[in-house]
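We did not get these values from a lab; they are worked out from the coordinates using the rules stated. In this text the structure is predicted, and so the values were computed from the model without any measurement. Cβ placement follows ideal geometry from the backbone for every residue including glycine, while neighbour counts extend to all protein chains displayed.
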Amino acid sequence: MINLPKPGGSVSPVAPHFDPEDPTGSTLILPVFFLYPQYATSDIISEFVEDSTFKAHLETMFPPHAPAPDWDLKREYLPENLVTYVPTHRKRLLKVGKGMTLRDVCKAAKAKEGQSRDGLEVKDGCLSFVVMPKGDVERKWVEEFKQLRQA
């Protein structure tokens, strides 16, 4: 992971830390933003344990039999209908499988041997993941990301 402090940026009340209940002291807990670009909104998971899956968090954020968030006008944000992406430092775009843990994603974002530095970016103490429904919204966002990456 790469920490990029933002000069004059906001100070986050949450910060990465090790799980105090882990006797080995090696389990990392990170604050994570779930960004929903379709509706220009987000959620923060203040304590995303590195060994928990994205599926577990999506099911908590969007329980299948609970009312949809006010902003989910089309009731598209159901765990089985969502995809998650994360850009890396080198602007690669990784698709995050629902069964992946945060630790899995960090390993996948790491630069391969012989390549320049890469990894996930920690901004204001948080990692950010983009969550959206599969299909047209996803395709449009990925295409826009690729265009901006080349600009």
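Data for the structure
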item	result
Candidate aspartates and glutamates - alpha carbon under 16 Å from K107, same-chain residues fewer than 8 apart omitted	E50, D51, D118, E121
Rounded to 5, percent antiparallel among DSSP beta bridges of the chain	75
Likely footprinting exposure, F54, F62, F33, fewest C-beta neighbours within 10 Å first	F33, F62, F54
Integer Hz, Karplus 6.51/-1.76/1.60 couplings in order for segment 95-102, x for Gly and Pro	8, 9, x, 4, x, 6, 9, 4
In segment 31-122, trypsin sites (Lys or Arg not before Pro) in a DSSP loop with at most 15 other beta-carbon atoms within 10 Å	K74, R75, R90, K91, R92, K110, K112, R117
Stretch in the chain that is longest and holds no GluC sites (Glu not before Pro) that DSSP places in a loop and that have at most 10 other beta carbons within 10 Å	22-112
Gain in span if fully extended, D51 to V137, counting 0.36 nm per residue against the direct Cα distance	28.1 nm
Cα-based shape type of segment 28-150, given that a ≥ b ≥ c are square roots of the gyration tensor eigenvalues and the cut on a/c is 1.5	oblate
Sorted by Cβ density within 10 Å, fewest first, the residues F18, F145	F18, F145
Potential lengthening between R149 and R117 on full extension [0.36 nm per residue; Cα-Cα distance subtracted]	9.8 nm
